[in-house]
Amino acid sequence: MLRQTWWKILCVLLLAYTVIAGFLGSVPAKPIVNETIRNLYFHVAMWMAMMVFLSISVAYAVLYLRKSRPVYDIYSLEYAKVGIVFGTLGIITGSEWAGFTWGAFWSNDPKQLGAVIAMLIYYAYLVFRNGIPDIDKRARLGAVYNIFAFAMLFPTIWILPRMVESLHPGGMGGNPAFNDLDARMALVWVGGAIPGWTLLGIWIATLRIRLALLEEKNYSNRR
Amino acid sequence: MSEHIKNIINLLRKDLLLEVRQQYTFYGILLYVTATIFVLYLSMGQPEGPVWKGLFWMIQLFICVNAVAKSFLQEGRGRLLYFYSIAGARDFILAKLLFNALLMILMSGVSLVLFLFMLGDPMGHVGYFVLISCLGGVSLSLVFTFLSALAARAQQGAALMAILGFPLVIPQLMLLNRISTIAFEDVLQGGLGWMLAIMAALDLLLIVMAIILFPFLWKD
């Protein structure tokens, strides 16, 4: 499964479709956002992909706590790293979008704040792991913190921003979310962008996992 | 069930007795509180409402980090193993959470008194603020107790606990800051019920996570 090429070719095709249709395709003309609504394919799709990766990461963390196989820890770490990269990209693309539509790159919007907090919690996860020299302890404590960090994602990104006034869709300020998504955009978004970015992240993660497994096999064989 | 409660009460009593006897730890925190607030007063004078509020929660954060840091870091490895084997990991963590919550309530009270004394009293409803500061103290202590358990296992100490902890408490601090406005002005705080509910839900989430995850931490 990891080595098969069909889903990698699919990933390239989907992303090519996303980028081309994203920039050349027609989009509805909404006030304020105008053409920048194309960022839906990048910013929002990357956040969705990030949630997928972090969910996979926490699933492997739970598996590790139940069965203690080192390979679960490697999977958990690499998916978390890919999730963190996509989350950071999400914040960057988001502030870029905000710069054009809301007037400033950083607007103290609750969802922006929540996203930064969530990313800080995951960065702390990486720092925490690095500070533990013993491999097994690192895996176990890392798994515990991973579960904790994932649980904190929900209040910070999904729940709190919806409870207060926000410039993002879905907040109490009255900005409707994806209720009236145009059919053309929905095709590119659901059919192209979300699967494309998700497959790309899985590709990157599996490559890194294979590398880590090879390194570990090398290390244990040498002794 | 009653055996669990007995265990928890015994562990709590053990912690309380230790605090009463080794008084240097308790007085150490008290001195830290006093010194910090005094330095704050010297630099800020008597600020107005919003600034007062923000400063209060910042000081609470640092007091909590210092007060809770010692809870796991001061016990030796052998003694921890002894406690786990006689009482079980869950009872142990519940007793620790309870003890640190009580400690923080006390420290919140002390720091509130000192704040009112030195930095003035810009608020209208002190009674509300007493309750809110207790809630805030308990919430912060829950986060840092669990993190101190993690950091103690990693042998990294208080610095790592602070690094891990600050992102996690930001939502709580923001909520507390907004909730405390009801003590300052007579405005109708929109969504107050929701904010209190979310605070309570966050605290409950933390307690549940601590109870579930702590047993995995102590197996060495």
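Which pairs, out of A:Lys137/B:Lys70; A:Lys81/B:Lys53; A:Lys8/A:Lys81; B:Lys53/B:Lys96, put more than 27 Å between their alpha-carbon atoms? Pairs exceeding the cut-off: A:Lys81/B:Lys53; B:Lys53/B:Lys96.
Counts of other chain beta carbons within 10 angstrom of each beta carbon in peptide B:173-183 average 1. Using a Debye calculation, one point per C-alpha and no hydration shell, please list log10 I(q)/I(0) for chain A at q = 0.12, 0.18 Å⁻¹ in order. For the requested q values the scattering log ratios are -0.72, -1.32. Dipole check for the protein assembly as shown: with +1 at the C-beta of Lys and Arg, -1 at the C-beta of Asp and Glu, and the Cα centre as origin, the magnitude is about 1820 Debye. Among A:Lys30, B:Lys96, the order by Cβ neighbours within 10 angstrom, fewest to most, reads A:Lys30, B:Lys96. Note on A:Lys30: lysines with a C-alpha under 24 Å away, same-chain residues under 8 apart excluded, are A:Lys111. From least to most packed, judged by other beta carbons within 10 angstrom and beginning with the fewest, B:Ser133, A:Ser26 follow the order A:Ser26, B:Ser133.
Solvent-free Debye calculation, one equal scatterer per alpha-carbon of the protein assembly as shown: log10 I(q)/I(0) at 0.06, 0.13, 0.14 Å⁻¹ equals -0.31, -1.22, -1.32. Note on A:131-140: average number of Cβ atoms from other chains within 10 Å of each residue's Cβ is 3.
Computed over segment B:2-218, the alpha-carbon pair-distance distribution with 5 angstrom bins reads 1, 7, 14, 18, 19, 15, 12, 7, 4, 2, 0, each value a whole percent. Given in Å, the Rg to one decimal and the Dmax to the nearest whole number for the Cα atoms of segment B:1-128 are 17.7, 52. Screening chain B for whole DSSP H helices of 24 Å or more along their axis (Cα) with average Kyte-Doolittle hydropathy at least 0.5 returns B:23-44, B:49-73, B:89-118, B:126-154, B:158-179, B:192-218.
Under a model in which nothing but the beta-carbon of Lys, Arg (+1) and Asp, Glu (-1) is charged, segment B:40-116 shows a dipole of about 260 debye around its Cα centre. Kirkwood Rh over alpha-carbon pairs of segment A:1-111, then Stokes-Einstein at 20 °C and 1.002 mPa s: what D in µm² s⁻¹, rounded to an integer? Result for D is 131 µm²/s. Taking all Cα pairs closer than 8 Å and separated by 6 or more residues, the relative contact order of chain B comes to 27 percent.
Which of A:Pro133, A:Ala45, A:Tyr145 sits closest to the plus end of the dipole of chain A, meaning its Cα is farthest towards the positive end, when Lys and Arg get +1 and Asp and Glu get -1 on the C-beta? About the Cα centre, the residue reaching furthest to the positive side is A:Pro133.
Only the coordinates and a few stated rules stand behind these numbers; no lab work does. Please read all numbers here as calculations on a predicted model, not as lab measurements. Virtual Cβ from ideal backbone geometry, glycine too; neighbours counted across all protein chains shown.
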